[in-house]
Amino acid sequence: MKIAVFVSGSGTNLQNIIDAVQSGQLENVEIAMVMADRDCYAVERALDYDIPTFLLEERSMFSEDADGNLEGENIDLIVLAGFLSILSEEFTEKWKNKIINIHPALLPKFGGKGMYGEKVHKAVLEAGDPQSGATVHYVTAGVDEGEIIVQKDFEVELRDEVEDLQRKVAEVEREILIQAIQKIQAEKH
Ligand code: GRF
């Protein structure tokens with residue numbers, strides 16, 4: 001299965017996929033390309049592993065430019081890993097059910113425009129929710145609205161601060177992103 005990974009940040013989720021491929025936890029999976037909408041550490045990680053990497057700086061043109069790079073590459077799955085730009089409706093339609101995203105909360109709660117990174121964990125703590133977690137879902141034109149593929153929760157402890165949730169969510173993400181890719185792979189064959 002050929003995967004394209006879209007990134008905007010530190011690339012911890014990209015690294016999780018690279019590690020899973022290297023360790024054999026993900027079989028018959030190739031990260032065919034990484035595309036970034038800004039210069040970010042995830043680009044460094046991709047280059048360290050000689051993955052073909054595109055840095056598309058003009059965000060308003062990202063969907064169009066990305067589609068051009070994907071043409072003819074026989075990509076089976078696009079993974080948004082810490083990706084912060086909103087993809088165009090035509091792009092998400094063209095790649096319907098072939099784009100997945102990982103979100104650091106239990107969607108449909110604490111999702112939607114502007115809900116990413118620390119903002120999500122702050123909202124969970126302010127709401128006093130007893131649980132948090134992460135979600136892998138299909139990407140549609142709406143932000144964080146597609147069908148959920150895998151979700152995993154954990155108990156929020158009284159003394160938890162944003163950093164604690166960030167750490168706990170990162171552990172859940174490492175697990176469920178790979179699970180989601182394996183699930184999709186199994187369904188395709
Ligand atoms: C995580 O919060 C993830 O849920 C969200 O982006 C953050 C990780 O970014 N999609 P990165 O993979 O470290 O760049």
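Bear in mind that the values in this text are calculations on the coordinates, not laboratory data. The structure displayed is predicted, hence computed values, not measured ones. A quick note on method: Cβ atoms are made from the backbone with ideal geometry, for glycine too, and the neighbour counts reach across all protein chains shown.
Expressed as cubic angstrom per residue, what is the convex hull volume of the alpha carbon set of the stretch 79-189? Could you put the intermediate results ahead of the total?
Numbers: hull volume 9.5 nm³, N = 111.
In the stretch 79-189, the Cα hull volume divided by residue count equals 86 Å³.
Which order do the peptides 31-37, 169-175, 52-58, 67-73 come out in when sorted by mean C-beta neighbours inside 10 angstrom, highest first?
Ranked by mean Cβ neighbours within 10 Å, highest first: 31-37, 169-175, 52-58, 67-73.
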Rg and Dmax of the stretch 2-188, Cα atoms only, in Å: 15.8, 51
Dipole magnitude (debye, nearest 20) for the stretch 2-188, charges at Cβ of Lys, Arg, Asp, Glu: 320 debye
Positive-pole candidate from His189, Val79, Ile3, dipole of the chain, charges at beta carbon: His189
Eligible lysines near Lys183 by straight Cα distance, threshold 28 Å, same-chain separation 8 or greater: Lys2, Lys94, Lys96, Lys98, Lys109, Lys113, Lys152, Lys168
Percent antiparallel among DSSP beta bridges (both partners in the chain, rounded to 5): 40 percent
Two-site label geometry, Glu27 and Leu84: point separation in nm, points 7 Å out along Cα→Cβ: 3.9 nm
MRE, 222 nm, helices only [DSSP H, n ≥ 4, -39500 (n - 2.57), over the chain, to nearest 500]: -12000 deg cm²/dmol
Two-site label geometry, Leu55 and Glu171: point separation in nm, points 7 Å out along Cα→Cβ: 3.5 nm
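So how much slack lies between Glu73 and Lys2, counting 0.36 nm per residue of separation and subtracting their Cα-Cα distance, in nm?
On the way: separation 71, 0.36 × 71 = 25.56 nm, distance 0.84 nm.
Contour length minus the Cα-Cα distance gives 24.7 nm.
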Gaussian network model of the chain, springs between alpha carbon atoms under 10 Å - residue of Ser23, Ser88, Ser60 with greatest fluctuation: Ser23
